Each structure stands twice: as structure tokens, then as C-alpha cells.
Amino acid sequence: MFRYIVRRLLQMILTFFGATFVVFALMFANQDDPVQALAGEKPVSASLREALTERYHLDEGLLSQYWYYMSNLLTGDLGESISGREIGTLLEDSWPVTVRLSLMALVIAAALALGAGVWSAIRRGSVFDNGILAFTLLLLALPIVVLAPVAQWIFGMELGWFPATASRNASFYALLLPALVLATTVVATQLRVTRTSVAENLRADYVRTARAKGLAPRRVIWVHVLRNSLIPLVTLIGVDLGVLMSGALVTEGVFNIPGVGSKLAQGIRTEDGPMVVGFVSVLVIVFLVMNLVVDLLYAALDPRIRYE
Amino acid sequence: MTDIKAQLDVLPGLDPRAPLLQVNDLHVEFRTRDGVAKAVNGASFWLNPGETLAILGESGCGKSVTAQAIMGILETPPGHITRGEIRYRGVDLLKVREAERRRVRANRVAMIFQDALSALNPVYTVGFQLAELFRVHRGASRADAKSRAIELLDQVRIPAAKSRINDYPHQFSGGMRQRVMIAMALALDPEVLIADEPTTALDVTVQAQIMGLLAELQRQRNMGLILITHDMGVVADVADRISVMYAGRIVEEAPVYDIYARPAHPYTRALLESIPRLDLKGQQLTAIRGLPPALTAIPAGCAFHPRCGYAKEPCRQDPAPPAYAVAPRRTARCHFFREVLGE
Amino acid sequence: MSDPTLPATIDTRPRSLSGDAWDDLRHSKIFWVSSGLALLILLMAFFPTLFTSANPADCTLSRQYAGPSGGALFGFDYQGCDVFARTIHGAGNSLWVGLLATLLAGVIGLFFGMAAGYFGGAVDAILSRGIDIVLGIPFLLGAVVFSGRLSGAGDDGVTAVTLTLGLLTWTSAARVMRSSVVAAKGQDYVAAARMLGASPARLMFRHILPNAFAPFIVVMALLLGANIAAEATLSFLGVGLKGDAISWGVQIAEAQKHARVAPAPLIWPSTFLAATVLAFIMLGDAVRDAFDPKLR
Ligand SMILES: Nc1ncnc2c1ncn2[C@@H]1O[C@H](COP(=O)(O)OP(=O)(O)OP(=O)(O)O)[C@@H](O)[C@H]1O
Ligand code: SF4
Ligand SMILES: [Mg+2]
């Protein structure tokens with residue numbers, strides 16, 4: 001277990017520096033005029049130019065720029081956006097609703113994936129199973145840029161079942177439609193993985209043993225098979241967090257939810273370099289830390305890893 | 001504990017004086033995309049308390065399928081029991097409702113599998129998998145179930161049972177894992193134990209230990225033991241009777257001494273000739289020539305005829321040879337058993 | 001971590017192209033339907049004038065939200081542009097960017113995957129860490145930064161988006177390639193060929209690559225669908241195709257703001273985009289099923 005954690009931690013640290021460096025270098029390296037690159041196509045005043053140069057140490061080498069940037073970032077100092085607002089404050093204002101939205105989406109997706117995936121695997125080849133497969137195919141083919149606006153139009157506007165937009169303190173209900181939309185970005189893959197893994201486990205020898213022990217089918221599946229099938233699903237959830245972040249960028253924009261995603265989308269639109277880099281770096285960190293947590297959870301589920 | 005046994009005794013038709021286990025004319029087939037595989041074609045045998053019956057046969061002849069049919073854990077579909085009876089104390093288990101059938105499993109009839117590593121659930125501790133039996137079947141409390149699990153591990157002689165109870169299957173050695181399997185099967189004091197090649201996956205020394213343990217536990221509890229194997233060497237020491245299986249049928253059934261002394265079926269004879277014997281060291285092994293038939297196309301008449309040195313015209317024609325009474329308590333499905341016996 | 005842009009796991013055990021696989025494919029309805037659809041979309045992309053004679057850039061505010069008329073089957077949008085013409089012409093950019101990006105990802109993946117699988121050891125370790133780093137950046141976040149940075153002022157963004165998608169999505173191709181090569185290397189006939197003194201290049205092209213072909217094609221088809229969706233997403237967010245470039249993503253972003261009054265400009269590009277992605281995903285699925293019938 002200890003060795004597993006250490007190895008994962010080392011890998012994560014490496015990935016972390018690699019990933020943040022890539023993001024950073026793209027923003028700052030090899031620019032004719034890095035200040036202009038940060039500010040997009042807007043004209044830059046002399047004072048802003050001076051402030052940006054000082055903030056990002058643009059007069060020094062790339063590695064030392066990166067060093068200053070990372071030490072600021074890791075001490076919680078994200079600097080100011082082009083429009084002069086504290087990036088840290090922007091992030092603080094926007095993360096709670098995004099976390100709520102993503103958690104709702106994740107729970108909805110996982111619950112659907114488990115329920116339908118297990119049932120599909122038990123009834124392989126049935127009408128239900130084929131229906132589920134067709135449904136996941138459809139979901140995979142519906143990019144979120146299609147689904148979010150269309151769902152908003154149909155369910156938020158035409159039918160009026162849900163609010164078409166949500167505020168910072170949106171209720172559970174107001175977030176439900178965007179959360180459902182966001183859930184579609186991950187549910188299809190989760191469902192297919194669950195189905196495959198349950199189907200494979202159902203044929204395992206230990207299932208025969210469990211039945212020979214006189215256990216009820218329900219217990220065989222939900223206790224013996226499921227715990228084994230959760231292992232690939234949990235691994236997938238680590239990846240899905242990244243997909244959810246990507247999805248939030250679109251979903252929050254469409255539903256006007258003032259979360260991290262829509263703030264970032266706004267930063268992109270207004271070509272606010274410092275804000276985009278700041279947000280993206282923080283999100284990359286969050287993603288990697290969450291993946292480490294998922295890895296630990298994975299070890300908790302699979303004793304063969306824990307004792308390796 | 002007694003109340004569950006009492007509940008089970010309410011199985012309609014249960015007769016304490018009836019034979020412990022009796023399988024009559026069992027037929028099992030697998031309906032797959034490639035056709036219907038007739039895995040068991042009229043197997044019949046019986047088992048008494050305290051007795052060891054060895055079921056012997058080449059790979060694929062339907063031994064495991066028969067065991068799974070008795071346990072009621074055949075995978076259906078594709079497996080279907082198309083004919084026959086499985087009587088436990090007079091009750092035909094095939095006619096019993098599934099909920100009652102489940103209570104027979106592990107409580108009355110239990111099973112040990114060949115590969116203990118894959119037969120145990122990798123993500124639960126050995127303690128959990130043992131305690132589960134008491135919790136589900138006996139409604140035992142967590143602590144109670146755990147202490148009984150430790151007792152069981154002690155009984156199958158796992159050293160330091162108390163601390164090993166929290167270990168996972170992959171942390172045990174092969175022999176220890178098979179002991180865990182045995183403990184699991186014996187947890188609820190079954191009357192019938194089916195051991196499907198319990199030692200095939202182990203080294204020779206460990207094999208002997210496990211067989212010794214099984215024999216001892218069987219004696220203590222006066223259980224009926226069905227020992228499935230394709231190793232004639234193992235059988236000689238422990239079995240009372242032997243049923244030889246070929247292409248889903250029992251072709252010869254006899255007390256172990258008689259079979260070794262004078263096989264009545266050419267297939268049994270060939271099997272015996274294929275075991276390496278110390279006194280014939282250096283001589284060539286006679287393997288049985290040819291292959292067992294495809295279960296989708298079993299030959300007409302005696303299924304063994306394409307490989308049989310004694311085969312004559314009647315062997316190639318239906319019906320298959322009946323179970324001739326060779327001697328009291330001894331049958332063989334061969335038209336020419338007298339010739340084989342050398343009479 | 002596995003690649004988030006791919007819908008499901010891919011089995012990479014080699015199964016010969018000439019074997020049952022083609023037979024299975026020939027009898028697969030899904031294969032024919034998706035190929036037909038893909039072909040239709042390709043036709044639309046490369047010969048849009050077969051479908052519409054209207055000029056997609058011809059927009060007149062006086063026709064704002066006007067209903068269908070003449071060749072303008074889907075009516076007109078907020079700016080008075082012909083929705084049908086724009087949707088048809090949108091296929092070109094979407095497919096062009098998708099194809100180029102997928103090709104780029106394929107080439108990078110092929111090269112890195114082959115190197116990692118063939119040389120193993122340190123090369124493999126370094127490339128694996130490289131893949132970890134790419135996958136450590138959530139896809140769209142990376143794409144947003146890449147694409148924003150790569151696109152020059154006043155250009156239409158095609159090069160930037162293509163490069164972005166190609167550089168961020170090669171990992172799945174590399175992994176499939178790597179495992180195919182590793183699997184093939186373990187095969188007896190490859191070992192035998194090596195012992196007989198076949199050169200590395202010959203080994204690679206005669207013995208190893210043919211086996212990796214099928215799983216690679218599957219990844220490419222799935223990736224093409226994913227990349228077309230990604231292009232639309234980037235364009236939707238304003239870091240994809242821009243200026244006068246016609247793209248489904250830009251159309252959707254525009255129309256979404258006015259969906260309450262005029263849903264048609266939202267629905268049509270959405271439908272075409274979904275159908276395109278579906279065609280390539282189904283194609284990939286069908287091919288995979290044919291080569292890996294284990295779990296159907
Ligand atoms: N789940 C299944 N689906 C299809 N056919 C099966 C299945 N299980 C068993 N069979 C068929 O039944 C036949 C008998 O299998 P069985 O496992 O009983 O053989 P066995 O005598 O136990 O052999 P071994 O000594 O190898 O364990 C096999 O040849 C196989 O074709
Ligand atoms: S019945 Fe005929 S073929 Fe069958 S075992 Fe006897 S002699 Fe051989
Ligand atoms: Mg068997």
C-alpha cells in the first residue's frame with residue numbers, strides 16, 4: 001500500500017509539473033510580445049504593460065518565469081485579471097456552484113450507470129440491453145454543444161419544466177437540468193464500462209462459489225459481483241472529472257450559471273490571459289489531486305493492489 | 001442452528017430413511033450458437049452417508065456439469081436439465097422451489113471447487129466470505145459469525161487462524177486456500193460434500209495433505225463425499241466406490257477394489273492401463289487412443305465404440321448398452337463385459 | 001488514466017483482417033448504415049454545391065427569421081442568412097478540421113506508439129510519462145489555451161484548431177499502437193523472423209503493423225467523431241473557427257441566444273453535427289465489434 005501511494009504520488013508530481021509547464025509555456029514562451037499575448041488583441045497601456053511584466057517576470061528566462069508563477073500559485077496568489085480583479089476572488093466566488101453542479105452530475109451519472117449497467121449485463125442480449133446500447137450510442141453522438149442548448153430550449157423554454165437559467169445560489173431543482181446535461185457527457189462511457197465489467201464478473205468462478213453457498217441472486221450481484229465491477233468504474237471516474245470540467249465550460253455558459261466554467265469561458269471571450277492561465281492551472285491541480293484520491297479509492301476497493 | 005435444520009426437514013417428502021443422494025437418468029444439455037452439446041446423457045448413481053464415491057473420467061466427460069446440476073448452480077441458459085431426478089433423502093431437488101433449493105445448498109449439499117484462487121472472491125477477506133454463511137443462513141451476529149469462522153479455520157488447520165481471518169485470498173498459499181474452501185463448504189455441516197478436483201491445482205505433497213484432511217473431516221462428520229477427479233491414483237486410497245463416466249454416462253460402477261482388480265468396461269481398463277505404475281517403470285505408457293467424442297455429435301450405440309478394441313457390430317447400433325449387472329452392487333454398460341473381465 | 005475522448009475500451013488482440021472480421025462487417029447493418037451516412041457527409045463537405053446553390057455568406061437583415069422559402073429549406077437566422085446553405089457549407093470546415101486533426105493525431109500516435117512498443121525500456125517510460133502529462137490536462141481546458149495561443153490575429157482559426165486537436169488527442173492512438181506492437185512482438189512468428197535476421201524496418205512493416213491495423217482504424221474512426229464534436233465545441237466557445245468561417249459550432253453558439261424566438265437555426269446545425277458524430281462512432285463500433293466479437 002505504502003509503495004503504491006508513493007509511486008502514485010511521484011507520478012502525480014511529475015505529471016503536475018509537466019502539465020502546468022505545458023500550459024504556462026504555451027501562454028508565455030516564444031512570443032514576440034508576451035504582454036500582448038496575455039492581453040489578446042486589445043491595445044495595452046504602458047502601465048498595464050509594466051504591471052504584467054513585473055507580475056510574470058517577463059524580462060527573465062522562461063524557467064524562472066515558471067518558477068515565480070508556480071510559487072505564487074502554490075501559495076494561493078493568483079494575481080489580477082486584465083480587468084483588474086483578483087483572480088483568487090473570482091475563483092472563490094464561482095467554485096461552490098460548480099462543485100454542486102458537478103457533484104450532482106457525477107451522482108446522477110454513476111447511479112444511472114450502475115442501475116442500467118448491471119441490469120443490462122444480467123439481461124445481455126435482451127430488448128432492454130439493446131435499448132441501453134443504442135441509447136448510449138446516441139448520447140456519445142450528442143456533443144454537449146448540441147445537448148445543452150437544445151435541452152435548454154426544449155425543457156427550459158418550450159415545455160417550461162425547468163428554469164432555463166440558474167443563479168449563484170441556485171436550488172437543487174434549478175441545477176437539475178444543467179446537471180442532467182452535464183451527466184450525459186460521462187454516463188454513456190460509465191454505463192458501457194459497468195455493463196462490460198459486470199458481464200465479465202458474472203462469469204467468474206467466485207460467482208459460482210457464491211451461488212453454491214446458497215446466497216440469493218440479489219446478494220450475489222450486489223455484494224459479490226458489484227464490488228469487483230466497481231474497480232474499473234472508479235478508475236473511470238478519475239478521467240470523468242476532466243470531462244466534467246470540460247462540459248461545465250459549455251453547460252454553465254449556456255445556462256448562465258456563474259460558476260468556474262462560465263467565468264473561464266468569459267475570460268476566453270474577453271481574451272483575458274492571466275485569468276485563463278490562472279483558472280486552468282488551478283483546475284489542472286484540482287484534477288490531478290482528485291485523480292490521486294481516486295487512485296487511493298481504487299486501492300481501497302482492490303486488495304490485490306493494496307498489498308502489492 | 002437446529003431450527004434451520006428443522007425448517008429444512010419440512011421439505012415436503014423428506015424421508016430420513018431414504019438414500020442420502022440418488023441421481024437417476026440425469027440429462028443436461030447446453031444450447032449454444034454452435035448447436036446443442038449433450039454434456040450429461042443419463043447419469044445415474046447413489047451415495048450413502050459416510051461413503052466416498054469417486055467419479056472418474058477424461059476431461060470434458062461431464063463430471064463438473066453433473067456436480068453443478070446437483071448443486072443447482074448450472075448456468076441457465078445455456079445449460080438445461082432435460083430429464084432425470086436428483087433425490088436428496090427422497091425429495092427430488094429438481095421439483096423444489098428455488099428459495100427452498102437455496103437452503104439445501106451449503107446447508108445439506110456443499111461443494112469444493114478446483115481452483116481456490118479464482119473460486120474465492122478476490123476483494124473480500126476470507127473471514128467475510130466464511131462469516132457470510134452464518135450471517136445469511138443462520139442470522140448470526142457479526143461477532144458470533146466471526147468467532148465461528150475462526151473455529152472453522154482452526155478445524156482445517158490453518159495456523160494462526162485468528163489473525164489470518166482478515167487476510168485476502170491472494171495472501172494465502174495454494175494449499176491454504178484450498179483449506180479455506182473446505183472450511184467454507186463444511187461451515188453449515190452439510191451431509192453431502194462434492195469435491196470437484198480439489199487437488200488438481202496443487203503440488204503433490206500438498207495434494208496428499210488436502211486429501212488426508214478431507215478424508216478425516218468426512219469420517220468425523222459421517223458425510224457422503226463425491227470426489228470428482230481424472231486421477232486414478234488419488235482415488236485408490238480414499239474412495240469406497242467408483243463411477244466411471246464417459247461422454248455423459250456412467251459406464252461402470254463398482255467398489256474400488258473390484259475395479260482395480262478386474263475392470264468390466266474397456267474404457268475403465270484403458271484408464272487403468274494409462275496410470276504410470278512403479279512396478280512397470282521404464283515401460284511405455286499406454287494412453288487411450290483417439291479422442292472423446294464431440295458432445296454435439298455423440299456416436300450411436302456405445303459412445304466408446306470408435307476407440308474400443310472389443311467393439312463389434314452391436315456396439316455401433318442403438319440402443320446404447322444398458323447397465324448390465326456384473327455382480328451384486330456392480331454394473332457396466334458394455335455388451336461384452338464378460339469378455340473384458342476375462343471370463 | 002485512459003483517454004476521455006474515446007467511448008469505450010478497445011481490445012487490441014490481433015485478429016487477421018482477411019478472417020471472419022470482414023465477413024462479420026459485410027453482414028453488419030450498422031456498418032452499412034454508418035458508412036452510408038459518413039459518405040453522404042463527405043459528399044456534403046467536399047461538394048456542397050450539389051446540395052444547395054445559395055451562397056451561405058449572403059445574409060440580409062431584412063430576411064431575419066424568415067420562414068423556409070425556395071432553396072432555403074430551413075428558413076433564415078437572426079442575421080438573415082440561409083440556414084440550410086450555412087448548415088451544408090458548415091460540413092466542409094467541420095470535416096476538414098476533424099480529418100486533418102485526426103490524421104495528425106494518428107501520425108503522432110503511430111510514431112510514438114511504435115517507438116514505445118518496439119524499444120520498450122526507457123523510451124517507453126518517457127513516452128508513458130508524456131502521455132500522462134497530456135492526459136493530466138482536462139481536454140477542453142488544454143484546447144482552450146492551445147487554440148487561443150496558436151491562432152493568429154485575423155486568421156480563420158483552421159490551422160490553430162487542427163493543431164490543437166491533433167496535439168491533444170494522439171494519446172489513444174499511441175496506446176493502441178504500443179500495445180499492438182508489444183503483443184505482436186511476443187508472437188512466435190515475429191520472434192522467428194527476427195531470429196532469421198529480418199531488419200527492424202522489415203519486422204515493423206511486414207509483421208507488426210498489419211496486426212495493429214484493425215484496432216488502429218477503430219481508434220481513428222472514434223477519434224474522428226470526437227474531433228468533429230471538439231471543433232464545434234471550440235468554435236462555440238469562441239476559440240475555434242472564427243471570422244467569416246462557417247462552422248456548426250459558431251452557428252449553434254449564435255442560434256442558442258435566440259432559440260426562444262427562432263429554434264430552427266439551432267436545431268439544424270445541431271442535428272447535422274450529431275448525425276456526423278454518430279456516423280463515425282457507429283462506424284468505429286461496428287469495426288470493433290467485427291474484430292472483437294467477445295462481448296456483443
Ligand atoms: N457453460 C457452458 N456452456 C457451454 N458448454 C458447456 C458449459 N459448461 C460445460 N459445457 C460443456 O460440457 C462439457 C462437459 O464439461 P465438464 O466441465 O463437466 O467436464 P469435466 O468432466 O468436468 O472435465 P474436466 O476434467 O476438464 O473438468 C464440456 O465439454 C463443455 O463443452
Ligand atoms: S459396448 Fe462394445 S464398444 Fe462399447 S465398450 Fe463394450 S465392447 Fe466396447
Ligand atoms: Mg471439471
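The values are calculated or read from the model by the stated rules, or taken from the named source; none is laboratory data. In this text, all values refer to a predicted model and were calculated from it rather than measured experimentally. All Cβ positions, even for glycine, are placed from backbone atoms using ideal geometry, and neighbour counts span all protein chains on display.
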*Go through the range B:106-124 residue by residue and tally those that are more than 8 Å from chain A (Cβ to nearest Cβ) and out of contact with any Gly (no Cβ under 9 Å at 6 or more places or on another chain).*
3
*Going by the conditions given, is B:Glu191 away from ligand 2 (no atom under 16 Å from the Cβ) and touching a residue at least 60 places away in the same chain (Cβ under 8 Å)?*
yes
*What about A:Gly88, is it in contact (Cβ under 8 Å) with a residue 12 or more places away in the chain, surrounded by 14 or more Cβ atoms within 10 Å (Cβ to Cβ) and more than 14 Å from chain C (Cβ to nearest Cβ)?*
yes
*Index of the failed condition, B:Pro306 passing every other in (1) surrounded by 13 or more Cβ atoms within 10 Å (Cβ to Cβ); (2) closer than 11 Å to B:Pro266 by Cα*: (2)
*Would you mind listing the helices (runs of 4 or more DSSP H) fully within the range C:176-288 where at least 3 residues are farther than 30 Å from A:Gly160 by Cα?*
C:188-195, C:209-237
*Determine if the range A:24-31 includes at least one residue that is touching a Phe, Trp or Tyr at 6+ places or on another chain (Cβ under 9 Å), modelled with pLDDT of 70 or more and either over 24 Å from A:Ser83 (Cβ atoms) or exposed (fewer than 14 other Cβ atoms within 10 Å of the Cβ) (or both).*
yes
*Taking the stated definitions as given, is C:Ala143 facing chain A (nearest Cβ under 10 Å), surrounded by 24 or more Cβ atoms within 10 Å (Cβ to Cβ) and either touching a residue at least 40 places away in the same chain (Cβ under 8 Å) or outside any helix (DSSP H, G or I) (or both)?*
yes
*Just a yes or no: is a residue in the range B:196-213 within 14 Å of chain A (Cβ to nearest Cβ), closer than 21 Å to B:Gln129 by Cβ and either in a helix (DSSP H, G or I) or within 16 Å of ligand 2 (Cβ to nearest atom) (or both)?*
no
*How many of the residues making up the range B:26-67 are more than 7 Å from ligand 1 (Cβ to nearest atom) and assigned to a strand (DSSP E or B)?*
21
*asked:* Just to verify a result, which residue in the range A:129-166, among those that are part of a loop (DSSP other than H, G, I, E, B) and facing chain C (nearest Cβ under 10 Å), is nearest to A:Ala248 (Cα to Cα)?
replied: A:Pro143
*Does B:Leu153 fit the bill of being within 16 Å of ligand 1 (Cβ to nearest atom) and either more than 11 Å from chain A (Cβ to nearest Cβ) or not basic (Lys, Arg) (or both)?*
no
*Looking only at the range B:32-74, which residues are within 14 Å of chain A (Cβ to nearest Cβ), within 14 Å of ligand 3 (Cβ to nearest atom) and over 11 Å from the mean Cα position of the chain (by Cα)?*
B:Ile73, B:Leu74
*Tell me, which helices (runs of 4 or more DSSP H) wholly within the range A:186-270 include 2 or more residues that are within 12 Å of chain C (Cβ to nearest Cβ) and β-branched (Val, Ile, Thr)?*
A:226-254, A:260-269
_Matching residues, the range B:75-105, being within 14 Å of another protein chain (Cβ to nearest Cβ), within 16 Å of ligand 1 (Cβ to nearest atom) and in contact with a Phe, Trp or Tyr (Cβ under 9 Å, 6 or more places away or on another chain)_ = B:Glu75, B:Pro77, B:Pro78, B:Gly79
